[in-house]
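These notes are about the structure you will find just below.
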Amino acid sequence: MKGGDQQTLLHELSGEAGWMGISSDEESEISESEIDDYSETPYLLLQNGSYKVKVNGQLRCPFCSGKKKQDYKYKELYAHASGVSKGSATRSAKQKANHLALAKFLDNELAGHAEPVPPPPVPQLDKTKPNPGEVYVWPWMGIVLNPLKDADEKEVLLTSAYWFERLSKFKPIEVNAFWVEQDSIVGVIAKFISDWSGFANAAALEKEFENEGCSKKEWTERSGVAESKAYGWCAREEDYNSQGPIGEYLSKEGKLRTVSDISQEKTQDRNVVLEELSTMIAMTNEDLSNIQYSYNRTAMSLQRVLDEKKNLHEAFAEETKKMQQMSLRKIQKILNDKEKLSDELDRKMRDLESRAKQLDKQEALTELERQKLDEEKRKSDAMNKSLLLASHEQKKSDESVLRLVEEHKRQKEDALNKILLLEKQLDTKQTLEMEIQELKGKLQVMKHLGNDDDEAVKQKMQEMNETLEEKKSELEGLEHMNSVLMTKERESNDEIQAARKKLIAVLTVLLGAETEIGVKRMGELDEKPFLNVCKRRYSANEATVEAATLCSTWQENLKNPSWLPFKREGTGDKVKEVVDEEDEQLKKLRREWGEEVHNAVKTALEEMNEYNASGRYTTPELWNFKEGRKATLKEVICFISDNIKTLKRKRT
């Protein structure tokens with residue numbers, strides 16, 4: 001953003017006192033992905049002083065003015081801003097953007113207010129203060145030299161255990177003794193731990209020998225033959241670079257370091273640990289936020305499932321009610337149509353009788369006219385007989401349709417009653433099982449708590465046992481009744497399937513593809529796409545022959561059980577077989593004859609695989625041609641009742 005644009009934006013936003021208050025009801029929401037971009041505006045307001053972070057020398061969060069805690073230290077305020085911007089699941093996206101801007105502002109503008117990390121304390125040894133520039137051997141080591149006068153002392157003094165016990169008050173972690181041949185002395189190196197407590201122990205060793213007049217200075221300034229006593233000091237650069245076994249050991253096991261270097265290294269290590277801990281805290285907050293988000297999503301999903309279940313139950317009840325009302329309307333319509341047909345038939349009978357009377361009155365006409373009247377009489381008689389036969393057939397058809405409607409209504413009511421009874425029995429069965437388990441638990445408790453001599457307890461246990469046996473008998477009765485109902489349900493399903501087969505056999509001649517409801521042979525190719533393609537390639541006479549030949553060839557291919565152009569899709573219970581578009585024969589068919597013919601063959605394959613995958617031959621099925629799906633018994637019966645006159649004319 002350019003300088004002029006930035007100043008203009010600051011000028012426009014400086015007067016908006018309530019732009020980013022605690023309440024978010026008056027603000028438009030932003031998404032999580034817009035937090036970084038959105039945080040630039042509150043950051044500019046923090047820079048120009050519209051939001052005060054430092055008030056009366058104290059640091060405060062300008063976006064949490066209603067909180068109980070107001071004053072923060074720099075680290076506390078920075079942790080608060082970082083935590084809300086990264087890991088708070090209860091804060092809105094705008095609040096996260098505000099606190100992200102606050103964290104950037106603290107990091108960029110108020111970094112000087114951060115409390116300095118105190119350096120690790122350097123141990124003070126009485127009045128001796130370590131020189132920060134003085135070079136020591138690190139890890140800290142102490143040197144003890146003991147001249148020998150008596151050869152008998154050599155074996156004892158060369159034992160590391162002896163010196164470890166003697167120097168134990170200085171807490172060394174390792175003691176090594178060496179024999180310095182040229183000076184006839186025993187050299188001892190005591191190693192201490194590498195932290196400041198180890199330095200304090202090494203300095204204490206040096207101080208004690210100094211108080212006894214046996215420091216390094218006395219060792220260096222000794223004259224003549226030294227006394228048989230020990231001299232000790234802290235190992236430094238001069239000892240590290242000395243010749244002999246002591247110098248070799250120091251150069252091998254340690255290295256030269258100053259106190260300031262060690263102090264700086266400890267400070268850096270401490271800062272690294274603090275950074276790692278801060279990172280771990282931030283990651284923990286993020287994990288907590290993710291867990292809260294997952295919990296909220298799971299709770300919402302569960303609530304959604306419960307709502308869907310409730311809606312499905314309400315929809316089922318509403319649909320059942322609609323089906324009952326529709327059945328009543330259909331039955332009433334059939335009865336009304338029957339009454340109208342009867343009235344019309346009676347009217348025509350009366351018209352014929354009136355016409356016959358008129359013809360009888362005209363007997364005085366000429367012979368030719370008399371012959372014409374005789375012919376008309378014969379025709380009238382024939383029509384009368386036809387009408388009587390039609391009336392008789394109509395009555396039979398009406399009775400058959402009414403029986404089908406009543407049977408359908410009875411089967412529907414039986415199915416609904418069975419469903420309700422099964423649900424009730426399931427609830428009763430579950431209740432009985434719970435009561436049986438409760439009685440068993442009570443019996444076990446009374447067996448443990450009761451006294452064998454307590455007659456009241458025995459009587460109570462006997463009553464509970466009798467109640468338990470009654471509940472078990474009721475449960476067995478319910479299970480038997482449930483088994484009987486399941487058997488009846490299977491028989492009802494068999495009857496429905498038998499009714500479908502009977503309707504298919506009877507209506508094959510009466511119904512066809514030109515009606516909304518008819519009989520379709522599943523797996524049979526539609527000749528229309530083949531004829532359309534052949535008309536574009538051949539003459540009118542040749543197109544019909546070529547289309548019939550091509551359709552017959554592919555119908556035989558469909559019947560071939562060795563050709564299986566299918567593949568499986570999905571996993572688990574959702575796996576299903578679909579037509580393999582990459583099958584070579586299908587690809588060749590599409591290239592040679594086009595998409596329309598290919599889709600017709602694909603549709604026939606899908607139907608044959610669904611209805612008769614093993615036999616690979618066509619199967620008749622009641623079909624709703626208007627909606628392109630399998631027709632229900634209800635739709636077939638309604639269609640027959642609505643179109644009974646048309647079907648009669650086809651039959652006669």
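Structure above, values below:
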{"read-out": "Hey, TYR293 among the hydroxyl-bearing types (Ser, Thr, Tyr) and open to solvent by less than 50 Å² (accessible area, probe 1.4 Å) or not", "value": "no"}
{"read-out": "Hits in the range 261-285 (condition: of a type outside the set (A, V, I, L, M) and surrounded by 14 or more Cβ atoms within 10 Å (Cβ to Cβ))", "value": "ASP261, SER263, LYS266, THR267, ARG270, SER278, ASN285"}
{"read-out": "Where a residue in the range 567-582 is in contact (Cβ under 8 Å) with a residue 12 or more places away in the chain and its partner, wherever it lies, is assigned to a loop (DSSP other than H, G, I, E, B) and open to solvent by 100 Å² or more (accessible area, probe 1.4 Å), with Cβ under 9 Å and at least six apart", "value": "LYS567/GLU582; ASP580/LEU564"}
{"read-out": "Residue selected from the range 178-200 under the condition of a type in the set (A, V, I, L, M, F, W, C) and modelled with pLDDT of 85 or more, by the criterion most open to solvent (accessible area, probe 1.4 Å)", "value": "ILE193"}
{"read-out": "Boolean, THR544 is closer than 28 Å to ILE640 by Cα, of a type outside the set (Asp, Glu), out of contact with any Cys (no Cβ under 7 Å at 6 or more places or on another chain) and in contact (Cβ under 8 Å) with a residue 12 or more places away in the chain", "value": "no"}
{"read-out": "Selection within the range 534-546 - modelled with pLDDT under 90 and either open to solvent by less than 30 Å² (accessible area, probe 1.4 Å) or closer than 15 Å to THR618 by Cα (or both)", "value": "ALA543"}
{"read-out": "Subset of the range 565-595 (residues that are assigned to a helix (DSSP H, G or I) and surrounded by fewer than 16 Cβ atoms within 10 Å (Cβ to Cβ))", "value": "GLY572, ASP573, LYS574, GLU584, GLN585, LYS587, LYS588, ARG591, GLU592, GLU595"}
{"read-out": "Neighbours by Cβ (under 8 Å, 6+ apart or cross-chain): first from the range 127-147, in a loop (DSSP other than H, G, I, E, B); second at pLDDT below 80 and open to solvent by 40 Å² or more (accessible area, probe 1.4 Å)", "value": "PRO130/VAL122; PRO132/SER260; GLY133/SER260"}
{"read-out": "Pick from the range 519-533, criterion open to solvent by 80 Å² or more (accessible area, probe 1.4 Å) and at pLDDT 85 or above, ranking: nearest to ILE504 (Cα to Cα)", "value": "GLU524"}
{"read-out": "Leading residue by the ranking (farthest from LYS96 (Cα to Cα)) among those in the range 36-54 that are part of a loop (DSSP other than H, G, I, E, B) and open to solvent by 60 Å² or more (accessible area, probe 1.4 Å)", "value": "ASN48"}
{"read-out": "Residues (open to solvent by 70 Å² or more (accessible area, probe 1.4 Å), modelled with pLDDT under 85 and farther than 22 Å from LEU157 by Cβ) located in the range 238-260", "value": "LYS255"}
{"read-out": "Condition check for GLU495: modelled with pLDDT under 75 and over 14 Å from ILE436 (Cα atoms)", "value": "yes"}
{"read-out": "Of all residues making up the range 223-277, the number that are free of Cβ contacts under 8 Å to residues at least 40 places away in the same chain and in a helix (DSSP H, G or I)", "value": "15"}
{"read-out": "Matching residues in the range 547-564 - criterion: being open to solvent by less than 90 Å² (accessible area, probe 1.4 Å) and either hydrophobic (A, V, I, L, M, F, W, C) or in contact with a strand residue (DSSP E or B) (Cβ under 6 Å, 6 or more places away or on another chain) (or both)", "value": "ALA547, ALA548, LEU550, CYS551, TRP554, LEU558, TRP563"}
{"read-out": "Pairs, first closer than 29 Å to LEU558 by Cα in the range 618-639, second buried (at least 16 other Cβ atoms within 10 Å of the Cβ) and aromatic (Phe, Trp, Tyr), C-beta under 9 Å, six or more apart", "value": "THR618/TYR611; THR619/TYR611; GLU621/TYR611; ARG629/TRP623; LYS630/TRP623; ALA631/TRP623; ALA631/PHE625; ALA631/PHE639"}
{"read-out": "Any hit, the range 621-634, residues being farther than 21 Å from PRO529 by Cβ and either part of a helix (DSSP H, G or I) or over 43 Å from the mean Cα position of the chain (by Cα) (or both)", "value": "yes"}
{"read-out": "Sole exception among (1) assigned to a helix (DSSP H, G or I); (2) within 30 Å of ILE637 (Cβ to Cβ); (3) within 46 Å of the chain's Cα centre (by Cα) for VAL519, by number", "value": "(1)"}
{"read-out": "Residue count for the range 201-231, restricted to those that are modelled with pLDDT of 90 or more and touching an Asp or Glu at 6+ places or on another chain (Cβ under 7 Å)", "value": "1"}
{"read-out": "Residue check, THR618 open to solvent by 60 Å² or more (accessible area, probe 1.4 Å), β-branched (Val, Ile, Thr) and modelled with pLDDT of 80 or more", "value": "no"}
{"read-out": "Sole residue being at pLDDT 75 or above and not hydroxyl-bearing (Ser, Thr, Tyr), chosen from GLU489, GLU476", "value": "GLU476"}
{"read-out": "Hits in the range 596-615 (condition: surrounded by 12 or more Cβ atoms within 10 Å (Cβ to Cβ), more than 18 Å from ILE504 (Cβ to Cβ) and of a type outside the set (A, V, I, L, M))", "value": "GLU596, HIS598, ASN599, LYS602, THR603, GLU606, ASN609"}
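Residue-by-condition table, conditions (1) part of a helix (DSSP H, G or I); (2) over 40 Å from the mean Cα position of the chain (by Cα); (3) farther than 24 Å from TRP593 by Cβ; (4) not small (Gly, Ala, Ser):
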{"residue": "GLU489", "(1), (2), (3), (4)": "yes, no, yes, yes"}
{"residue": "ILE496", "(1), (2), (3), (4)": "yes, yes, yes, yes"}
{"residue": "LYS501", "(1), (2), (3), (4)": "yes, yes, yes, yes"}
{"residue": "LEU525", "(1), (2), (3), (4)": "no, yes, no, yes"}
{"residue": "VAL533", "(1), (2), (3), (4)": "yes, yes, no, yes"}
{"residue": "THR544", "(1), (2), (3), (4)": "yes, yes, no, yes"}
{"residue": "THR553", "(1), (2), (3), (4)": "yes, yes, no, yes"}
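The values are calculated or read from the model by the stated rules, or taken from the named source; none is laboratory data. Keep in mind it's a predicted model, so treat the numbers as computed, not measured. Every residue, glycine as well, gets a Cβ built from its backbone with ideal geometry; the counts of neighbours run over all protein chains shown. Remember, those area values only see protein heavy atoms, side chains included, never the ligands or the DNA or RNA. Shrake-Rupley method; radii C 1.70, N 1.55, O 1.52, S 1.80 Å.
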